[in-house]
Amino acid sequence: MNKYSESVSIERIESYARKKDIEYEFYLVNSNDKECDIFNDNIDYVTSGRQEGFSIRTIVDGNIGMASTNNLIKYKECIDSAVKIANISKQDQFSPFSYPKKGTKVKTFDKSLIDISSEDIHNLIEEIKHNLKDKDKNIRISKGCFTKSFSTRTIINSNGVDISEDFCSNSLNIESLTLPGTDTLSIETGVVSNKPITPDSANGWAERLLSLKNKQAMNGVNSMPVILHREALAQIFAAVLEPSINAERIIEKKSKLNIGDAICDERINIVDDATIDMGLGSYNYDGEGTPGKRTDIINKGELKSFLHNNYSSAKLDMENTGNAWRSMSTKPYIESSNLVMQGGNKDILDTENCLFVREIMGAHTIDKSSGTFSLGAVESFLVKDGKRTAVKDTMIAGNFYQMMKSIIEIGNDQKSCYSSSGYYLPSILVDGINIIGQ
């Protein structure tokens with residue numbers, strides 16, 4: 001197992017830690033990235049890079065110490081530093097490292113991704129541009145970036161965990177897709193996938209951009225049903241729901257939720273599931289070596305579980321849900337894997353006499369505790385008499401928890417969401433949101 005460095009083997013690193021007579025956990029990452037920047041329809045440059053890193057956490061008398069390095073030759077200094085930090089740490093009593101458990105065999109990516117070349121990337125971007133300009137020759141990718149990342153993650157600890165897992169994905173983030181003119185139109189869009197990206201999405205992006213022509217104003221405060229497209233809903237979930245079910249925030253008393261609370265309409269069912277084949281957030285083991293699993297978060301509107309890692313599950317005496325994430329230089333933190341909301345049976349996207357909100361702005365300003373929000377509806381449409389009319393300078397305001405209890409209908413359009421990778425949500429039709437025009 002010497003793929004991390006030609007000069008230092010993992011066995012050698014582990015042997016040094018054993019001599020220290022400590023509890024230890026190694027986290028090693030080896031990644032290869034390829035990146036292509038796009039500026040004003042032109043490929044600016046393509047770069048490739050490789051990184052490897054190593055971090056250690058150690059427990060001494062119940063206290064935790066951590067150190068990391070991107071130079072494996074310095075593994076002795078790194079281990080020694082972690083031990084010193086643990087000796088002087090006054091951190092809360094730490095739970096044990098993970099113990100070996102068999103995980104579910106999950107397919108996390110299409111292996112053909114690994115072989116994508118710079119020429120393949122160039123051809124993809126040219127095809128996307130061609131499809132965009134088929135809709136309107138003036139459409140331009142003002143700023144964007146394609147990234148392909150392949151990484152191997154290895155976790156070894158003194159309890160016998162010894163796992164290694166590969167991940168690969170590619171993404172195209174178009175920060176600004178524009179249509180120059182008297183009133184320049186612009187949207188942010190893109191795609192993230194664990195199989196090779198195709199140019200097909202470009203047609204939909206162009207149609208979205210062109211639909212923003214001839215925006216009309218809405219005056220004053222309006223009250224009507226609102227369709228929140230799954231992408232807008234994902235942004236709100238990421239800002240409110242995910243932090244509220246994070247067990248670390250429960251420990252810090254930053255979330256008001258309790259298990260058993262009725263927080264949504266009884267038709268709402270949400271799970272966190274790391275075991276979905278080809279899910280964008282899927283894994284066999286989390287960042288601490290705990291097997292990935294499926295966890296009921298909300299069932300029939302009632303909160304059933306928080307998301308946990310080793311520390312929070314021990315602290316709160318609850319089951320570990322296997323939601324530890326980390327980078328080489330950070331301690332494990334809690335995030336969802338694949339957050340999946342069950343879809344409904346109806347097509348709601350053409351509902352009459354409502355406001356359709358495709359994209360919002362300002363999700364980071366939502367009050368995470370109360371759920372109160374006031375957001376820019378930057379890509380929104382008034383739906384009336386079978387027509388969609390783009391509206392401008394519009395805000396939506398309300399409360400997340402009230403909104404989730406005021407659902408009129410759940411859409412049948414559940415899909416992965418670009419705005420929050422690993423979210424699989426439907427659109428929803430809701431009442432009780434104020435629409436504020438200019």
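A Cβ distance below 8 Å, combined with a sequence gap of six or more or placement on separate chains, defines the contacts here; from the range 327-350, residues that are within 20 Å of Asn284 (Cα to Cα) and among the basic types (Lys, Arg) reach no residue that is at pLDDT 95 or above and assigned to a loop (DSSP other than H, G, I, E, B).
Consider Asp183 carefully, then state whether it is free of Cβ contacts under 8 Å to residues at least 60 places away in the same chain and closer than 30 Å to Ser95 by Cβ. Spell out the reasoning first.
On the way: free of Cβ contacts under 8 Å to residues at least 60 places away in the same chain: yes; closer than 30 Å to Ser95 by Cβ: no.
Answer is no for this residue.
Please verify whether the range 275-288 includes one or more residues that are within 24 Å of Met66 (Cβ to Cβ), part of a loop (DSSP other than H, G, I, E, B) and hydroxyl-bearing (Ser, Thr, Tyr). Checked the range 275-288: at least one residue is within 24 Å of Met66 (Cβ to Cβ), part of a loop (DSSP other than H, G, I, E, B) and hydroxyl-bearing (Ser, Thr, Tyr). Is it true that Asn123 is more than 28 Å from Ser68 (Cα to Cα), among the polar types (S, T, N, Q) and assigned to a helix (DSSP H, G or I)? So Asn123 fits the description; yes. Residue check: Ser421 meets all listed conditions (1) modelled with pLDDT of 95 or more; (2) within 30 Å of Phe109 (Cα to Cα); (3) touching a Leu at 6+ places or on another chain (Cβ under 9 Å) but one, namely (1). Scanning the range 101-130 for residues that are within 22 Å of the chain's Cα centre (by Cα) and exposed (fewer than 12 other Cβ atoms within 10 Å of the Cβ) returns Lys105, Lys111.
Results for (1) in the same structural domain as Ile59 (by TED's automatic domain parsing); (2) crowded, with 19+ Cβ neighbours inside 10 Å; (3) among the acidic types (Asp, Glu); (4) in contact with a Ser or Thr (Cβ under 7 Å, 6 or more places away or on another chain), shown as yes or no for each residue.
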{"position": "Asp272", "(1), (2), (3), (4)": "no, yes, yes, yes"}
{"position": "Thr275", "(1), (2), (3), (4)": "no, yes, no, yes"}
{"position": "Thr290", "(1), (2), (3), (4)": "no, yes, no, yes"}
{"position": "Asn309", "(1), (2), (3), (4)": "no, yes, no, no"}
{"position": "Val340", "(1), (2), (3), (4)": "no, yes, no, no"}
{"position": "Met361", "(1), (2), (3), (4)": "no, no, no, no"}
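Within the range 221-245, residues that are farther than 13 Å from Leu349 by Cβ and in contact (Cβ under 8 Å) with a residue 60 or more places away in the chain have Cβ atoms under 8 Å from residues that are assigned to a helix (DSSP H, G or I) and not charged (D, E, K, R) in these pairs: Gln235/Ala363; Ile236/Ala363; Ile236/Phe400; Ala238/Ala363; Ala239/Ala363; Ala239/His364; Val240/Phe400; Leu241/Phe400, counting only partners at least 6 apart in sequence or on another chain. Here is the figure for the range 139-151: residues that are surrounded by fewer than 19 Cβ atoms within 10 Å (Cβ to Cβ) and under 19 Å from the mean Cα position of the chain (by Cα) total 4. Of the listed requirements (1) in a loop (DSSP other than H, G, I, E, B); (2) surrounded by 19 or more Cβ atoms within 10 Å (Cβ to Cβ), Val391 misses just one: (1).
The values are calculated or read from the model by the stated rules, or taken from the named source; none is laboratory data. Model, not experiment: these values are computed from the prediction. Positions of Cβ are backbone-derived with ideal geometry, glycine not excepted, and every protein chain shown enters the neighbour counts.
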